[in-house]
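The values are calculated or read from the model by the stated rules, or taken from the named source; none is laboratory data. Please read all numbers here as calculations on a predicted model, not as lab measurements. Ideal geometry is used to build each Cβ from the backbone, glycine not excepted, and the neighbour counts take in all protein chains shown. Keep in mind that these areas ignore ligands, DNA and RNA; they rest on the heavy atoms of the full protein, side chains included. Shrake-Rupley method; radii C 1.70, N 1.55, O 1.52, S 1.80 Å.
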Amino acid sequence: MDLTILIVKGIIILVIFGITLLIATYSTYAERKVAAFLQDRIGPNRAGPWGLLQPIADAGKMFFKEDFIPSQASKWLFILGPCLAMLTALMSSSVIPFADSIRFAWNKVNYEIPVQAIEINIGVLYIFGVVSLGVYGIMVGGWASNNKFSLLGAIRAASQNISYEIALGLSMIAILMMTGSLSVRAIVAEQASFFEWNVFTQPLGFIIFLTCAFAECNRTPFDLPECETELVGGYHTEYSSMKLGFYLFAEYINMFVSSAFISALYFGGFHYPFMNEIGSALEKSLGAIAGHNLATAIQFVVFFGKIFFFIFFFMWVRWTLPRFRYDQLMNLGWKTFIPLSILNVVVTGAGLLYNFKYATWLIAIVMIVLAVMSTARAPKQAVIPQRS
Amino acid sequence: MQLTNRSKQVSNKEMTLAEKMYLPAVVGGLAITIRHFFRKKPTIQYPEVKKYLGPVYRGHHILKRDEQGRERCTACGLCAVACPAEAISMVAAERKKGEENLYREEKYAAVYEINMLRCIFCGLCEEACPKQAVYLRHDRMVPVFQERDEVVYGKEQLVEKMDDRYIRVANSEVKATPTEPSLTRAAT
Ligand code: SF4
Ligand code: SF4
C-alpha cells in the first residue's frame, strides 16, 4: 500500500469516527426532542437556538460531577467497565460501508478508495465478535461495583444480550446464505436493484433482526438492565459523572451502529432507486472523477437519510411501547424468535434450492392467515359467571 | 352495582393469535404516537409569552388612592386581622394639618408592609377592607425575589402611582397579562 492510500484511509477513518461521535452526541438531543414531540411538549429549547447546545451543556455537567468510586469496588475494573462499553461500541462502526468509493488522481496514478474504515471480507463475523464483547462492558461494570443490585442488573443485561444475539445471528444467516459472502460491502452490493432489498426478500428476518437489535442496544421495550424499582438503577447504580456518561453514550453509539446495519443489511445500504443511471449521467456530464465523487456524495447522503430514519424509529418505539417483563423477554427471545429464525433459515434454504428468492413470504402469509382465522373464530366476549 | 354507565366488564378471555403476535398492537401504538408528533403543541413559552389570566386573578397587591390622589387606607387593621398568613403589619399615624390632600381620613398608615413570602394570595385582605383600599392586581404578578430583604413590600411598592392607576376590568381582548401601564389603561 502506498502512502497516498494510507493518508486518504486515515482521513476517512477520522471522518467516520468523528461522524459517529457527533451523531451519538446529537442523538441525545434528538431523543429529548422526539420524546417531547411525541408527548405534545417542546423539549430542550433554552441552550442555544432551539436548544442545540444542550448536548454540550449536558457534557459539561457530566464532567463537573463528582467522580465517585466505591471504596469496596475493584478500582481498575470499575474504570475498565465504561471504557470497554465505549470501545466496543465505537469499534463496530468501522465496517459500515458508508458509500461506494472516492476516485482521485495523484502523480498520474488513479486511485479508487472505498468509503469505509476497514474493508474486510469477514465484516459480519467481526461485528458479531465486537458486539458480543459489548456484554463485558456491562458485566465488568456491574461486577466491579461490588453491589448486589448492580450485579443483578449486569447479569440480567448479559442474559438478555446473549439470548437475543442468537436470534440476531440466525436471522442474519439467511442473508449470508443469499449473498454467499461475509463482507458487508458484498451484502450491500447484492441489493443493487430496489426489489432485491433484503427487506423485501426477508420480511420475517427483518422483523426479527430489528427486534433483536433493539434488545442488543438495551433500548425500550428491552431496557431491562436498568430498573429503578427492582435494581435501584441497574448495572450502573454506582457510576457517576463521565463514567456513567460513557455508558449512556455507548448506548447511543450502539443505536447509531444498529441503525446503520439495519439500513445496510436490509435496506440496500447506500443504494437508492435509479442510482446507476444517475451515477453514469453525472460521470458523463462532469467527467469521470468529479461525477463519480458527486455520485458517491449522494450515496453518502442517502445512506445517512436511512440511518436517521432508523434512529428516529428507535426513539419512536421507545416513547410508544411499555417495557417487557423479564420472563416475557426471555420467552420472546428463546421460544419465539429463535424457532422463527431457524424456520426462516430453512425456508430461505429451500427457496435458494428452487431459485425462488421470495420464499420467506410464505411464512409471513401463513402467519397472517392464521392470525385472521383466529380472530374470526374467537368469541367476542368471554362468558363470566355473574355473582349473585 | 352499577355506579356509572361508563364501566366496563373485566374479562380475562384468551388472546387470539393476532393479539398474541403483538405486532399489530405495536403498529397501532406507533400510529398513535406519530400522530402526536405532528400535533400542535399546547405549550405556552411562559416568560416570553404570557396568558391573560382573567379578571379574578390575584397578583400583586396595591394600595389604592382616590380620584384626588389621597390614600384610602385608614389603618383600621381589618386586613391584618383577616389575613390567614399574618403577612400584613402596619403602624397607624394621625393626619396633621395640611396633609388633607395626602390622606382621606384622619388616621392613616404611616407604615404598611406585606411580607410576600408569607402571603398566600388568598385575597381575604381585599375582602376585609371597608375602605376599598387594598386590592390584588389581576394583571401583574409579584416579581421573582433575588434577595431576602426584598420580600417585605413597603408603601413604596404598594401605593399606586397616579399616572398608573389600577382599574379592574374583564377584557378578553387582552391576550397576554399586560405588564405595561398603557395596556392596563387601554382596557378601561
Ligand atoms: S392575600 Fe391573603 S395572605 Fe396575602 S396579605 Fe392578603 S389576606 Fe394575607
Ligand atoms: S387596607 Fe383596608 S382593611 Fe387594611 S388597614 Fe387599610 S383600610 Fe383597613
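Numerical summary
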{"read-out": "Shielded residues, segment A:13-41 - accessible-area loss of 20 Å² or more between chain alone and all protein chains, probe 1.4 Å", "value": "A:PHE37, A:LEU38, A:ASP40"}
{"read-out": "For segment B:60-158, fraction of C-alpha pairs farther apart than 21 Å, in %", "value": "30"}
{"read-out": "In segment B:1-62, lysine pairs closer than 20 Å at Cα, eight or more apart or cross-chain", "value": "4"}
{"read-out": "Using a Förster distance of 22 Å, the FRET efficiency for B:VAL81-B:LYS155 (Cβ separation, nearest 0.05)", "value": "0.65"}
{"read-out": "At least 20 Å² of accessible area lost relative to the chain alone, listed for segment B:1-27 with a 1.4 Å probe", "value": "B:GLN9, B:SER11, B:LYS13, B:THR16, B:LEU17, B:ALA18, B:MET21, B:TYR22, B:LEU23, B:VAL26"}
{"read-out": "Chain B: calculated mean residue ellipticity at 222 nm from DSSP helix runs of at least 4, using -39500 (n - 2.57)", "value": "-5000 deg cm²/dmol"}
{"read-out": "Lysine pairs with alpha-carbon atoms under 30 Å apart, chain A, spacing 8 or more or separate chains", "value": "22"}
{"read-out": "Extension gain (nm, one decimal) between A:TRP334 and A:ILE162, 0.36 nm per residue minus Cα-Cα", "value": "60.9 nm"}
{"read-out": "Rg over Rh [alpha-carbon atoms, Kirkwood Rh] for chain A", "value": "1.01"}
{"read-out": "Order of exposure, largest accessible area first, which applies to A:SER145, B:SER89 with probe 1.4 Å", "value": "B:SER89, A:SER145"}
{"read-out": "For B:VAL134, residues with placed amide H under 5 Å, excluding near neighbours", "value": "B:LYS64"}
{"read-out": "Qualifying lysines (Cα of each under 30 Å from Cα of B:LYS97; at least 8 residues distant if same chain)", "value": "B:LYS64, B:LYS107, B:LYS131, B:LYS155, B:LYS161"}
{"read-out": "Chain A, helix-only ellipticity at 222 nm - DSSP H runs n ≥ 4, -39,500 (n - 2.57), divided by all residues, nearest 500", "value": "-22000 deg cm²/dmol"}
{"read-out": "Inter-chain shielding of B:33-41 (mean C-beta neighbours from other protein chains, 10 Å cut-off)", "value": "5"}
{"read-out": "Rounded if a/c under 1.5, otherwise prolate or oblate - segment A:1-114, Cα gyration tensor axes", "value": "oblate"}
{"read-out": "Cut-off 19 Å, label 7 Å out along Cα→Cβ of B:SER89, residues of segment B:59-81 by amide N", "value": "B:75-81"}
{"read-out": "Karplus 3J(HN,Hα) series, Hz, for segment B:62-70 with 6.51 cos²θ - 1.76 cosθ + 1.60 (x for Gly, Pro)", "value": "9, 9, 6, 10, 8, 5, 8, x, 8"}
{"read-out": "Förster-model FRET efficiency, 45 Å R0, B:ASN12 and B:THR43, C-beta, rounded to 0.05", "value": "0.65"}
{"read-out": "Counting DSSP beta bridges with both ends in the protein assembly as shown, the antiparallel % (nearest 5)", "value": "90"}
{"read-out": "About the Cα centre, charge dipole magnitude for segment A:3-371 (Lys/Arg +1, Asp/Glu -1 at Cβ), debye", "value": "260"}
{"read-out": "Accessible surface, the protein assembly as shown, averaged per residue in Å² (probe 1.4 Å)", "value": "54"}
{"read-out": "Solvent-accessible area buried by A and B, counting both chains, probe 1.4 angstrom, square angstrom", "value": "2300"}
{"read-out": "Low-density loop positions, GluC sites (Glu not before Pro), segment A:189-245 - DSSP coil, at most 11 other Cβ in 10 Å", "value": "none"}
{"read-out": "Proximal aspartates and glutamates relative to B:LYS96, as straight alpha-carbon distance under 16 Å, when same-chain residues fewer than 8 apart are discounted", "value": "B:GLU71, B:GLU105, B:GLU106"}
{"read-out": "Added length on full extension, which subtracts the Cα-Cα distance from 0.36 nm per residue, B:LEU53 to B:GLN146", "value": "31.0 nm"}
{"read-out": "Residue-by-residue Karplus 3J(HN,Hα) for segment A:263-280, coefficients 6.51, -1.76, 1.60, Hz, glycine and proline x", "value": "5, 6, 7, 10, 10, x, x, 8, 7, 9, x, 6, 5, 5, 4, 4, x, 5"}
{"read-out": "Gaussian network model of chain A, springs between alpha carbon atoms under 10 Å - residue of A:TRP361, A:TRP197, A:TRP143 with greatest fluctuation", "value": "A:TRP361"}
{"read-out": "Loop trypsin sites (Lys or Arg not before Pro), segment A:269-375, which have at most 14 other Cβ atoms in a 10 Å radius of their Cβ (DSSP)", "value": "A:ARG325"}
{"read-out": "Dipole in debye (nearest 20) - segment B:1-126, about Cα centre, beta carbon charges: Lys, Arg +1; Asp, Glu -1", "value": "820"}
{"read-out": "Separation in nanometres of the label points that stand 7 Å from Cα toward Cβ, at A:ARG46 and A:GLU66", "value": "2.4"}
{"read-out": "Options A:TYR247, A:LEU125, A:LEU231, ranked by Cα towards positive dipole end of chain A, top entry (Cβ charges)", "value": "A:LEU231"}
{"read-out": "Rounded, prolate or oblate (a/c below 1.5 giving rounded, otherwise prolate when a/b exceeds b/c) for segment A:229-360 by Cα gyration tensor", "value": "oblate"}
{"read-out": "Acute angle (nearest 10 degrees) that the helix B:23-37 long axis makes with the longest principal axis of chain B, alpha-carbon atoms", "value": "30"}
{"read-out": "Nearest-20 debye value, segment A:197-298 charge dipole, Cβ charges on Lys, Arg, Asp, Glu", "value": "440"}
{"read-out": "Karplus-derived 3J(HN,Hα), 6.51/-1.76/1.60, for each residue of segment B:94-111, Hz, glycine and proline x", "value": "9, 6, 7, 5, x, 9, 4, 7, 9, 10, 7, 10, 6, 10, 8, 8, 6, 10"}
{"read-out": "Spin-label model distance (nm) - A:ALA281 vs A:TYR358, 7 Å beyond Cα toward Cβ", "value": "2.8"}
{"read-out": "Portion, in percent, of the accessible area of the protein assembly as shown that falls on carbon or sulfur, probe 1.4 Å", "value": "65"}
{"read-out": "Distant-in-sequence amide H partners of B:LYS107 (H built 1.01 Å from N, under 5 Å)", "value": "B:ARG95"}
{"read-out": "Largest-first principal axis extents of the Cα set of segment B:1-125 (Å)", "value": "95, 43, 25"}
{"read-out": "Amide H contacts of A:SER101 (H built 1.01 Å from N, under 5 Å, at least 5 apart or other chain)", "value": "A:VAL115"}
